[in-house]
Amino acid sequence: MMIGEGEEKVITLEEHVSELDEELARVILKIAELSKIVRRELPHRLGKASTWNVSGEEQTKIDVWANELFTEGLMSTGLINQLASEETPEAIENKEGTGAFNITLDPLDGSSNIESNNLFGVICGIYDARHELPAMGRNLRAALTILYGPLTTMVYCARKGVHEFVKGRKERFEDVYALINENLKIPSKGKVYGVPSNREMWLPEFRHFIALLERENYALRYGGSFIGDVNQVLHKGGFFAYPAYLDRPHGKLRLQFEANPMSFIIEGAGGKSSVGRGSILDVKPTALHQRIPVYLGSKELIDQMETLFAKCRDARLYY
Ligand code: P6P
């Protein structure tokens, strides 16, 4: 649908979230507002910051700036009790001890992609304040992503379906997020898969599963950005993994900031997440920045993978 063309009425994000709890709607709209500032500032904040985050990853200037922008912007609403960011070691608390929600934030996932103009974006998890961080994904109240690419799109899920919006251009229409997909469902099988490199260090059962996909002519689509790679699977159907490695059994992606919110969205769209056996959303957290293996995608493929993994476990009777 082209926003602003023809008779079709445009449904804005403001209108869509008006169905939600008023305070939750205000948090989602605040993130949307801040995301527009990031888009505007992007060309003017390029380059590396010569600092490293708690996961040992070199930060870009916009990583640091966007983290401050979202943190200050969200805390200023008075709606946030706790806010934890991938870019900072500890969660920050609302000094008045109030606020209805706890927030997890990856302020710019895939920011190392910016210099090559590839996809990256914001990943946010929203919990009721009674769920102290680190929290189980099953307790998410809502999750949302902002994807910066040829379009700027937002996807949110608040336990009533997955909905996608595209940001209009004020020169052509308005600088608003307009609904383009309501109750988005991931195709049951699909045709793309995204996996990182270093195959010789994958577990044998995972190598076997990927070989099965390749035999079924799944197309490899991997851009090095979790938010972009999973969004592609959400639309086309298929499979994404940042798996366990022989030398990195926990993989790379962070449970709180990346895996939980994205699993919530994929499962909300009728897909499945897995940590190898069972949903990522049921992983009991042990640390704020813990990493876990991530397998996401169409239900049939995740079921097929977990069945194969179980057979491999059963076959290891003697060790
Ligand atoms: P690799 C980006 O830095 C990130 O955290 C995720 O967005 C992405 O899926 C992953 O790392 C890419 O890792 O090892 O393929 O560069």
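For this structure, a couple of remarks:
- When each of Lys252/Lys272; Lys48/Lys252; Lys36/Lys189 is checked by Cα-Cα distance, pairs over 27 Å: Lys36/Lys189
- Per residue, segment 192-311 exposes 37 Å² of accessible surface when a 1.4 Å probe is rolled over the protein heavy atoms with every protein chain present.
- For the chain, the longest principal axis of the alpha carbon atoms and the long axis of helix 204-215 meet at an angle near 80°.
- For a modelled paramagnetic label at Lys160, 7 Å from Cα along Cα-to-Cβ, the residues of segment 21-50 in reach, with backbone nitrogen under 20 Å, are 21-32.
- Spin-label proximity, Lys191 to segment 117-151 - amide N less than 13 Å from point 7 Å beyond Cα toward beta carbon: none
- Rounded if a/c under 1.5, otherwise prolate or oblate - segment 13-181, Cα gyration tensor axes: oblate
- Each label point was placed 7 Å from the Cα along the Cα-to-Cβ direction; for Glu14 and Glu300 their separation is 4.3 nm.
- Mean projected area (nm²) of the alpha-carbon convex hull when the chain is viewed from all directions: 17.1
- Extension gain (nm, one decimal) between Trp52 and Ser279, 0.36 nm per residue minus Cα-Cα: 78.6 nm
- Remark: segment 44-84 carries 46 Å² of accessible area per residue (probe radius 1.4 Å; ligands, DNA and RNA excluded).
- Relative packing of peptides 106-113, 193-200 - highest average C-beta neighbours within 10 Å first: 106-113, 193-200
- Protein accessible area in the chain, 1.4 Å probe - carbon and sulfur %: 51
- Around Glu267: net Lys/Arg minus Asp/Glu count, Cβ-Cβ under 10 Å: +3
- For the set Thr98, Thr145, solvent exposure ranked by accessible area (probe 1.4 Å, protein chains only) runs largest to smallest as Thr98, Thr145.
- When the surface is traced with a 1.4 Å probe over the full set of protein chains, His16 keeps roughly 20 Å² accessible.
- Converting phi to 3J(HN,Hα) with the Karplus coefficients 6.51, -1.76 and 1.60 and the offset θ = phi - 60°, segment 167-184 yields 7, x, 10, 4, 5, 10, 9, 8, 7, 10, 8, 10, 5, 10, 9, 9, 6, 4 Hz in sequence order, with x at every glycine or proline.
- Restricting the trypsin sites (Lys or Arg not before Pro) of segment 287-319 to loop positions (DSSP other than H, G, I, E, B) with no more than 15 neighbouring Cβ atoms within 10 Å leaves Arg316.
- MRE, 222 nm, helices only [DSSP H, n ≥ 4, -39500 (n - 2.57), over the chain, to nearest 500]: -9000 deg cm²/dmol
- Rounded to the nearest 0.05, the FRET efficiency derived from the C-beta distance between Asp314 and Glu115 at R0 = 35 Å is 0.15.
The values are calculated or read from the model by the stated rules, or taken from the named source; none is laboratory data. Nothing here was measured: the structure is a model prediction, and the numbers come from that model. Here Cβ is always computed from backbone atoms with ideal geometry, including for glycine, and neighbour counts include all displayed protein chains. What goes into the accessible areas is simple: the full protein's heavy atoms, side chains included, and nothing from ligands, DNA or RNA. Shrake-Rupley method; radii C 1.70, N 1.55, O 1.52, S 1.80 Å.
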